[in-house]
1. Using Cβ counts within 10 Å as a stand-in for footprinting exposure, how do Ile172, Ile147, Ile132 rank, fewest first?
2. Over the C-alpha atoms of the range 31-174, what are the Rg and the largest Cα-to-Cα span, Dmax, in Å?
3. Report the one residue of Ala66, Thr96, Leu112 whose Cα lies farthest in the direction of the positive end of the charge dipole of the chain (charges on C-beta: Lys and Arg +1, Asp and Glu -1; origin at the Cα centre).
4. Given R₀ = 45 Å, FRET efficiency for Phe166-Trp125 by Cβ-Cβ distance, to 0.05?
5. Using modelled amide H (1.01 Å from N, peptide plane; none on Pro or chain starts), what sits under 5 Å from the amide H of Ser54, excluding residues fewer than 5 places away?
6. For the range 122-180, just run the numbers: alpha carbon Rg, then divide by 2.2 N^0.38 Å, N being how many residues it has.
7. Just subtract the alpha-carbon distance of Ile86 and His48 from 0.36 nm times their residue separation and send over the number in nm, one decimal.
Amino acid sequence: MRSPPPPHFQSTVSVQKLRRFNTLILVFRLCSFCFSLAAAIFMFTNSHGSHSPSWRDFEALRFVMAANAIVAVYSFAEMGVSIWEILKGNTLFPETVQVWFDFGHDQVFAYLLLSAEAAGTALVWTFRGGEICTAVNTFCVQSYISIGLGFAGFFFLGFSSLLSGFRVVAFIINGSRFHL
């Protein structure tokens, strides 16, 4: 019967660095959550009467709303995981699973958000000279705001993805999610 390996020694300096690193990830996830939620709300409320255009009428804008809502839910769940990790000092799942889960999902949802915002931008850009933006300018303005907020959510999710990628590399090299 094998005994478990002794725990890794960590100085208080490395514990503080790990806590700061995890706090930075939490801040990026919080920003991603806030911007994606705001973008989803702006798009969801982008309907100004029965005779005006609605986000439901355009497939690209439905994609923008759905992608932002999905990323907001994901970021909210990952904020909970980050808070757990900061308070408890260990991961919610086994470390190998947690590191790869965070990195993989950060990548997938960042690309989902980027593709949705690009599709929405292309559609709303075509509205600029047409009758949709001329007749109901608030529809186009609110669409632009939602897409801009979504791009900001992507920006922060991208930074979170970079940090989770760093954790994957540190795990591969050192066998731990942090390099110290």
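1. Placing the least packed residue first, the sequence is Ile172, Ile132, Ile147.
2. For the range 31-174, the Cα-based Rg and Dmax read 17.8, 61 Å.
3. Going by the Cα projections, it comes out as Thr96.
4. 0.80
5. Result for Ser54 returns nothing.
6. 1.95
7. Taking 0.36 nm per residue and subtracting the Cα distance, the gain is 9.3 nm.
Read-outs throughout are calculated quantities, based only on the coordinates presented, and are distinct from any laboratory measurement. Since the model is a prediction, treat every value here as computed from it, not as a measurement. When we count neighbours, we look across all protein chains shown, and the Cβ atoms used for this are built from the backbone with ideal geometry, even at glycine.
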